[in-house]
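A quick write-up on the structure given underneath.
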Amino acid sequence: MKDDIIKAHLNLTAVLQNLEDLVQFDDDMAALTKPWDTSLQFTVLRGPKAFVEFKDGACRVRQGSHSNPSVKLFFFSPAHLNRMFAGNGTPIPLKGLTKLRFLTKAFSKLTNKLEYYLTPTDDRLKVTKYLELNTRFTLNTAVFAVKELVRLDPIAKTVASHIGNGRVLIKIMPDGPSIHLDFQNGDVLVKKGDTDRPMACIFMQDVRVANDFLYGKLDAFAAVAAGNVLIRGQTPMIDSISLILDRVPLYLK
């Protein structure tokens, strides 16, 4: 039960937020969603809430409740939500019954495309655009998962309590993507993009190195020794983050 709750939080926070970048960086999905002016609320009984909003060609994903969603989707339990993310469950629509066709057709195209980018194969990774987006989404998912695990996973919470205050930047060179974590008194905020004066940094040489590094195909020590991955600043902070990242596959596989 506890695992289901944590997984539900990760699905709504770490996985769903990738829709923002999917709409921004995939031309077909940008064209599909450009005319949309709608919002979807996801609510889990005794569990997390999040919403997705499409407006003016952009997508916004946030935790909590939307002030006036176009569609309300209800789930009886965290396990119910997780089954939907696995393709084996159907939400209960509480509002927006007239938009069921939109959910089953247009919105499904978007989520199917996200699933495509999150399930790499060797052949898919040979395509530059796929490699770039898979790497971006994988990095974002992992780092946003850290935020939830620090709140919900006892081991991650203990590790985070020993991390000093400050920001840690993770960036794929030369031009990104990048993401950073801001640790404050045992809690952490995550934001996409660079940050000023980070306490520690991880720089990955390029998108291919980053992809291999994120999927464990590249030995971390060898990558650092060869200069493919550069670590700067407070290395104990990075070591602690690595311990938390090691727990992500326990919930997201």
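Taken together, the values in this text are just the output of simple stated rules run on the coordinates, not laboratory data. Predicted model only: the values in this text are computed from it and were never measured. Virtual Cβ from ideal backbone geometry, glycine too; neighbours counted across all protein chains shown.
Only one residue of Ala220, Ile170, Thr138 has its Cα farthest out toward the positive end of the dipole of the stretch 124-250, where Lys and Arg carry +1 and Asp and Glu -1 on Cβ, and that residue is Thr138. In this Cβ point-charge picture (+1 for Lys and Arg, -1 for Asp and Glu), the stretch 120-253 has a dipole of about 220 debye about its Cα centre.
The simple spin-label model puts a point 7 Å past each Cα toward its Cβ; for Leu189 and Tyr116 those points are separated by 3.6 nm. The distance from the alpha carbon centre of the stretch 102-141 to that of the stretch 206-253 is 22 Å, rounded to a whole number. Exposure proxy ranking for Arg167, Arg208, based on other Cβ atoms within 10 angstrom of each Cβ and starting from the fewest, stands as Arg208, Arg167. Here the spin labels are modelled as points 7 Å beyond Cα on the Cα-Cβ line, and at Lys49 and Ala106 they lie 2.5 nm apart.
Shown here are the Rg and Dmax of the Cα trace of the stretch 2-118, at 13.3, 39 Å. Our note on the geometry: Cα centres of the stretch 2-22 and the stretch 28-67, 13 Å apart. The chymotrypsin sites (Phe, Trp or Tyr not before Pro) of the stretch 73-169 meeting both criteria, a DSSP state outside H, G, I, E and B (loop) and at most 16 other C-beta atoms within 10 angstrom of the site's C-beta, are Phe76.
Straight-line reach from Lys129: which lysines have Cα under 17 Å away, leaving out those fewer than 8 places along the same chain? Output for Lys129: Lys113. Projection of the Cα convex hull of the stretch 124-250, averaged over all directions and equal to a quarter of that hull's surface, yields 7.4 nm².
Here the dipole of the chain is about 860 debye; that uses its Cα centre as origin and unit charges on the Cβ of Lys and Arg (positive) and Asp and Glu (negative). Against the chain, whose longest principal axis is taken from its Cα atoms, helix 235-245 shows a tilt of about 40°.
Considering Cα pairs under 8 angstrom that are at least six residues apart, work out the relative contact order of the chain and quote it in whole percent. Computed value for the chain: 16 percent relative contact order.
Positive-end ranking of Gly64, Leu16, Leu40 along the dipole of the stretch 1-86, with charges on Cβ about the Cα centre, is headed by Gly64. Each label was represented as a point 7 Å from its Cα along the Cα-to-Cβ direction; for Arg62 and Met84 these points are 2.0 nm apart.
Our helix-only sum for the chain, with -39,500 (n - 2.57) per DSSP H run of n ≥ 4 divided by its residues, gives a mean residue ellipticity at 222 nm of -12000 deg cm²/dmol. Quotient of the Cα radius of gyration of the stretch 155-210 and 2.2 N^0.38 Å, N being its number of residues: 1.20. In the chain, the alpha-carbon atoms span a convex hull of 133 Å³ per residue. Which Cα, out of His180, Asn211, Ala79, lies furthest along the positive dipole direction of the chain (beta carbon charges, K/R +1, D/E -1)? The residue sitting most towards the positive pole is Ala79.
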